[in-house]
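Written out below as structure tokens is the structure these notes cover.
The values are calculated or read from the model by the stated rules, or taken from the named source; none is laboratory data. Here the structure is a predicted model, which means the values were calculated and not measured. Quick reminder, even Gly has a Cβ in these numbers, built from the backbone with ideal geometry, and neighbours come from all protein chains shown. Please note that ligands, DNA and RNA were not included when accessible areas were found on the heavy atoms of the full protein model with its side chains. Shrake-Rupley method; radii C 1.70, N 1.55, O 1.52, S 1.80 Å.
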Amino acid sequence: MIYASDLDMTLIFSRRSMAVPEDTAGISVVETIGGKSASFMSDAEMAALKELSGKLLFVPVTTRTMEQYRRIDVFQRHIVPSYAITSNGGNVLVGGEPDMQWRKMVAERLRGSACSPDEARRLFAPVVSSDWVLDERLCDDLFYVYLMDRDRMPLEAVRERAAELAALGWELSVQGRKVYIVPAAVNKRDAVAYIRHRHPEAELIASGDSLLDRSLLESADYAVAPAHGELYRIYQETGQMGHWTFTERSGLFAGEDIVAFAQSKLDKASMPAGKRKTGTVPG
Ligand SMILES: [Mg+2]
């Protein structure tokens with residue numbers, strides 16, 4: 001079994017997204033930036049994920065750059081995955097190092113399927129102003145991230161740009177204080193599928209909170225999303241959701257529900273076929 005999961009706002013949480021005070025009992029720092037705590041995880045979630053990752057193939061799948069991923073201490077020392085996907089699918093790390101065959105495939109996919117990052121940036125530029133955009137960054141030469149003041153974001157104008165970008169092969173996703181503009185040809189689902197080719201028998205469990213996770217969730221046998229974030233907001237506004245379930249809890253402790261979901265699917269799959277329907281063991 002493979003368990004592929006988004007990280008930020010799914011398994012790890014910034015101070016802003018965790019929705020509990022930093023000094024809440026039972027939570028630990030999993031990333032520091034310049035000596036300051038930046039991301040958190042519940043201790044129970046960490047223990048459950050460590051146990052789970054000993055029984056299946058756990059693959060972190062993040063839009064973070066490689067450098068930002070490597071900063072997450074828990075996945076460098078405590079739970080060390082054989083594979084990880086960074087850059088929204090642009091890089092597959094095997095034993096911590098980028099797989100060059102995948103890189104080549106990504107470059108080929110981009111040729112012909114999407115306009116260049118420069119052109120995408122130009123298309124988005126008319127709505128960008130210092131009134132709401134605080135910082136802009138090209139990540140791994142692949143996609144853009146805009147740090148913003150969300151309350152000031154011109155929602156309608158951004159939506160219009162999203163439609164125009166989509167016509168040129170680019171997707172727009174709003175997550176917390178960030179707007180991502182990414183080429184649709186590079187995505188989490190396809191990077192996970194690349195790893196899955198090496199384990200063709202394995203079923204896939206997936207979790208994630210944002211539009212950039214949707215295709216991954218849709219490609220999985222079992223999927224779960226937290227009761228917060230972009231997918232949950234879309235569900236609340238429109239009633240639309242895929243075949244994934246939402247967690248009971250929101251905020252940092254949704255991470256525990258998510259790992260428990262993955263564990264329950266593994267338990268079910270490990271059960272002898274005749275006993276799966278009821279989920280009970282006869283006495
Ligand atoms: Mg996320």
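Within segment 223-260, being part of a helix (DSSP H, G or I) and either open to solvent by 10 Å² or more (accessible area, probe 1.4 Å) or not assigned by TED's automatic domain parsing to the domain that holds SER28 (or both) holds for GLU230, TYR232, ARG233, ILE234, TYR235, GLN236, GLU237, THR238, GLU256, ASP257, ALA260. Taken over segment 161-220, the residue count meeting the criterion of being open to solvent by less than 20 Å² (accessible area, probe 1.4 Å), polar (S, T, N, Q) and more than 16 Å from the ligand (Cβ to nearest atom) is 0.
If you go through segment 25-40 and keep only what is modelled with pLDDT of 95 or more and part of a loop (DSSP other than H, G, I, E, B), you end up with ALA25, GLY26. Among the residues here, ILE12 does not qualify as away from the ligand (no atom under 14 Å from the Cβ) and of a type in the set (Val, Ile, Thr). The residue pairs whose first member lies in segment 213-236 and is closer than 18 Å to PRO200 by Cα, whose second member is at pLDDT 95 or above and surrounded by fewer than 18 Cβ atoms within 10 Å (Cβ to Cβ), and whose beta carbons are closer than 6 Å, counting only pairs six or more residues apart or on different chains, are ASP221/GLU203. Among the residues in segment 155-171, are any modelled with pLDDT under 95 and within 17 Å of the chain's Cα centre (by Cα)? Scanning segment 155-171, I find at least one residue that is modelled with pLDDT under 95 and within 17 Å of the chain's Cα centre (by Cα), so the answer is yes.
On inspection, SER5 qualifies as within 16 Å of the ligand (Cβ to nearest atom), under 19 Å from ALA225 (Cα atoms) and small (Gly, Ala, Ser).
For residues that are open to solvent by 70 Å² or more (accessible area, probe 1.4 Å) and touching a residue at least 24 places away in the same chain (Cβ under 8 Å), tally how many sit in segment 17-28.
Matching residues across segment 17-28 total 1.
Within segment 185-208, can one find any residue that is without any contact (Cβ under 8 Å) to a residue 40 or more places away in the chain and within 13 Å of the chain's Cα centre (by Cα)?
Within segment 185-208, none of the residues are without any contact (Cβ under 8 Å) to a residue 40 or more places away in the chain and within 13 Å of the chain's Cα centre (by Cα).
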